[in-house]
1. What is the log10 of I(q)/I(0) for the stretch 47-96, computed with the Debye formula using one identical point scatterer on each Cα and no solvent, at q = 0.32 Å⁻¹?
2. Can you figure out the FRET efficiency of PHE75 with ALA37, using R₀ = 25 Å and their beta-carbon distance, to the nearest 0.05?
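Each value in this text was obtained by applying a stated rule to the coordinates, not by laboratory testing. Worth saying up front: this structure is predicted, and the values here are computed from it rather than measured. So basically every Cβ, Gly included, is an ideal-geometry build from the backbone, and we count neighbours across all protein chains shown.
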Amino acid sequence: MRKDRPWADVLRSLPEDADIPILDPKPKNELSMPSSAEQEATFRHGFSRDAVFNEFMKGYTGAHAFEREIATQVFHMLEDLVEEAFTSYTEFRGRG
């Protein structure tokens with residue numbers, strides 16, 4: 001069964017006399033993967049590097065200066081890793 005179909009569509013597609021055990025959809029929690037529609041909505045609205053950095057640094061508002069500096073360096077390291085992975089992926093796919 002496709003996971004991106006709405007639950008109502010799945011139930012409508014079954015015959016009335018179907019004797020198939022169906023699992024009820026689990027409620028989403030913070031660890032659930034977003035659906036393709038949710039991913040598209042996120043990317044459509046976009047986000048800036050500064051907004052991501054500010055969101056990352058919110059967790060360090062009451063921290064000491066050296067902790068904020070370490071967090072800043074970790075952010076830049078992660079940023080470089082993502083950029084490198086994206087570049088190698090696009091070059092591998094022939095889009096670079």
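1. Reported log10 I(q)/I(0), two decimals: -1.12.
2. Details: r = 29 Å, r/R0 = 1.16.
Between PHE75 and ALA37 the formula returns 0.30.
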